[in-house]
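> My questions all concern the structure below.
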Amino acid sequence: MVTINGIHALRDSEFYHIKDVVYRECGIRLTEMKKALVQARLMKRLRDLKIGGYEDYCHYLNDNYDNEIINLINCITTNKTDFFREPRHFDFLREVALPEFEHSGRNAIRIWSAGCSIGAEPYSIAITVSEYFHDKNMPDIKILATDIDTQVLQKGEEGIYCVNEVDFMDLEILKRYFKRGAGENEGFFRVKDEVRKLVSFRRLNLHDESYPMRGHFDIIFCRNVIIYFDAPSRARLFDKFYDRLADDGYLIMGHSETLAGMTSRFRYVGHTIYSKVV
Ligand SMILES: C[S@@+](CC[C@H](N)C(=O)[O-])C[C@H]1O[C@@H](n2cnc3c(N)ncnc32)[C@H](O)[C@@H]1O
């Protein structure tokens, strides 16, 4: 039997058990191709728990389900993100959506970053909104940032990023909206309070039957999240987004994600941006 660092390789039966739990809990479909990835990511968890094998981990998970499921999900999620990732969406926000909302006479704008990872997306939204309204009367802006992974939410809440995470950003924007660390914080950048106060981080599983928030959002960003969901989970999610979106609002998906063939309740605007059919 092959062992890695003294731990047996993940067996099919153990992989299927974890795969079923992950699918049931958060709609993420782990294909056979993800087996090596699951094994590698869980290895660290096994070491932290001083558990000697994946079979024992499956028992541990069953016995401590409510606490351990959060850690398992934290291990499994893929959190890749960047500030101003897919820049056309931020151009759209600045050039189309915000002017429309401003002219509609709204005194409040609500934006949801669903699957926000470490906060790069909601802070990019907050910076774009701050830039747009810097010489205008700023309406009441609230950006809700949600994710299933508690570790990324904690990082988002802290709003501290290392130089590699911000080095593609426009230098003027970096200076205006981030505080550069000095001394032992050299090499780190902290989002300034004026931007941080626009964003609230909360844990939310998009796979849940219903969501606790009240009211409608003017824009929902859900980018690079549904790639891990199967068709029925996606269809259910689009229905929930439809109900949560203002009639003149926009749903923004990742550049490789489409609603085509999944729902007829949204109209394609361009660049994976959708509006509601009302
Ligand atoms: C690849 S990141 C994308 C981050 C950001 N939206 C972007 O495009 O840069 C996907 C995020 O979706 C989150 N996620 C995956 N399944 C989820 C679920 N069922 N509910 C909420 N968040 C989920 C992951 O934890 C991860 O942080």
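> Looking at segment 219-241, which of its residues are under 23 Å from Y123 (Cβ atoms) and part of a loop (DSSP other than H, G, I, E, B)?
R223, N224, V225
> Is at least one residue of segment 157-171 crowded, with 22+ Cβ neighbours inside 10 Å, in contact (Cβ under 8 Å) with a residue 12 or more places away in the chain and more than 16 Å from the ligand (Cβ to nearest atom)?
No, the conditions are met nowhere in segment 157-171.
Yes/no per residue for (1) crowded, with 20+ Cβ neighbours inside 10 Å; (2) within 9 Å of the ligand (Cβ to nearest atom); (3) polar (S, T, N, Q); (4) under 25 Å from P212 (Cβ atoms):
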| residue | (1), (2), (3), (4) |
| --- | --- |
| D63 | no, no, no, no |
| I70 | no, no, no, yes |
| N74 | no, yes, yes, yes |
| P87 | no, no, no, no |
| V96 | no, no, no, no |
| A108 | no, no, no, yes |
| I125 | yes, no, no, yes |
| V129 | yes, no, no, yes |
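> Moving on to the next point. Please go through (1) over 24 Å from D147 (Cβ atoms); (2) assigned to a helix (DSSP H, G or I); (3) among the aliphatic types (A, V, I, L, M) for L61 and return the number of the only condition it doesn't satisfy.
Only one criterion is unmet by L61, namely (1).
> Cβ-Cβ below 6 Å, separation at least six or inter-chain, first residue in segment 67-94 and more than 15 Å from D170 (Cα to Cα), second more than 10 Å from the ligand (Cβ to nearest atom) and assigned to a helix (DSSP H, G or I): which pairs?
E68/L61; C75/R41; C75/L42; C75/R45; L93/T128; R94/T128; R94/Y132
> Next question, about the same structure. Quick one: what pairs do we get from segment 258-272, first residue polar (S, T, N, Q), second assigned to a strand (DSSP E or B), C-beta under 9 Å, 6+ apart or different chains?
Pairs found: T258/Y268; T272/I252; T272/M253.
> Given G6, G27, which one is touching a strand residue (DSSP E or B) at 6+ places or on another chain (Cβ under 9 Å) and either modelled with pLDDT under 95 or assigned by TED's automatic domain parsing to the domain that holds L61 (or both)? Don't jump to the end; show me each part of the working.
On the way: G6 fails: touching a strand residue (DSSP E or B) at 6+ places or on another chain (Cβ under 9 Å).
After ruling out the rest, the residue left standing is G27.
> Tell me which of these R223 doesn't satisfy, since it passes every other one: (1) surrounded by 14 or more Cβ atoms within 10 Å (Cβ to Cβ); (2) over 16 Å from the mean Cα position of the chain (by Cα); (3) basic (K, R); (4) closer than 20 Å to L93 by Cβ.
Here R223 clears every test but (2).
> Can you pull out the helices (runs of 4 or more DSSP H) entirely within segment 103-186 that have at least 3 residues that are of a type in the set (S, T, Y) and at pLDDT 95 or above?
Output list reads 120-132.
> While we're looking at this one, here's another question. Could you check how many residues of segment 196-218 are in a loop (DSSP other than H, G, I, E, B), in contact (Cβ under 8 Å) with a residue 60 or more places away in the chain and surrounded by 13 or more Cβ atoms within 10 Å (Cβ to Cβ)?
The initial filter retains those residues of segment 196-218 that are in a loop (DSSP other than H, G, I, E, B), namely 197-198, 204-216.
Still in the running and in contact (Cβ under 8 Å) with a residue 60 or more places away in the chain: 198, 204-207, 213, 215-216.
Checking the rest, the ones that are also surrounded by 13 or more Cβ atoms within 10 Å (Cβ to Cβ) come to 198, 204-207, 213, 216.
Within segment 196-218, residues that are in a loop (DSSP other than H, G, I, E, B), in contact (Cβ under 8 Å) with a residue 60 or more places away in the chain and surrounded by 13 or more Cβ atoms within 10 Å (Cβ to Cβ) number 7.
The values are calculated or read from the model by the stated rules, or taken from the named source; none is laboratory data. All of these numbers come straight from a predicted model, not from anything done at the bench. All Cβ positions, even for glycine, are placed from backbone atoms using ideal geometry, and neighbour counts span all protein chains on display.
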